[in-house]
Amino acid sequence: MAVFVREVMTPGVVSVRPDASLVEAAQLMRAQDIGDVLVAGDHALIGVLTDRDIALRAVANGVDPLTVSARSVCTPDPVVVSPDDGVAAAVALMRDHAVRRLPVVEDGRAVGMVSLGDLAISENPDSALAEISRAAPDGRGHETRA
């Protein structure tokens with residue numbers, strides 16, 4: 001069992017500029033096979049934008065995803081963890097804030113993401129959530145982040 005976030009996080013981050021359109025963000029998510037991107041400007045983390053944010057906060061409201069910015073739809077000021085935080089602390093934050101992903105920040109800079117699926121794979125690899133998290137959305141069996 002992992003003790004620290006750094007042991008379970010997905011290293012590296014995928015980010016968009018605050019003024020990037022939702023179409024740009026969605027295309028990046030598709031290209032990277034991920035469900036979220038960080039919204040960052042001048043090395044400062046502004047928010048987290050998920051595919052669900054795009055669908056529910058923009059498309060469902062009839063806004064034009066070509067003209068709406070990532071900043072305007074993202075969840076601002078996200079809860080973050082450090083790579084040196086304990087896995088139990090990350091789980092507690094996810095539970096307390098009802099989120100499935102946490103940016104991992106070190107020295108003020110995003111260095112990775114930890115997801116509910118990452119934690120499931122680490123803590124209970126035989127669980128249904130861990131199995132689902134390892135499966136590719138297209139059914140080809142390669143691992144993806146939850």
- Looking only at the stretch 56-92, and only at residues there that are among the hydrophobic types (A, V, I, L, M, F, W, C) and over 21 Å from Val14 (Cβ atoms), the one that is surrounded by the most Cβ atoms within 10 Å (Cβ to Cβ): Val87
- Note on the structure: Picking from Val68, Val80, Val99, Val104, the residue that is modelled with pLDDT under 95 and aliphatic (A, V, I, L, M) would be Val99
- Item | Subset of the stretch 1-37 that is assigned to a strand (DSSP E or B) and more than 14 Å from the chain's Cα centre (by Cα) - its residue that is farthest from Val87 (Cα to Cα) | Ser21
- Report those helices (runs of 4 or more DSSP H) wholly inside the stretch 67-123 carrying at least 3 residues which are in contact with a Phe, Trp or Tyr (Cβ under 9 Å, 6 or more places away or on another chain) and farther than 17 Å from Ile34 by Cα. none
- Message: Looking at the structure I just gave you, is Ala40 among the small types (Gly, Ala, Ser), out of contact with any Asp or Glu (no Cβ under 7 Å at 6 or more places or on another chain), assigned to a strand (DSSP E or B) and touching a residue at least 24 places away in the same chain (Cβ under 8 Å)?
- Response: yes
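The values are calculated or read from the model by the stated rules, or taken from the named source; none is laboratory data. Source: prediction; values computed, not measured. Glycine also receives a Cβ, built like all others from the backbone with ideal geometry; neighbour counts cover every protein chain displayed.
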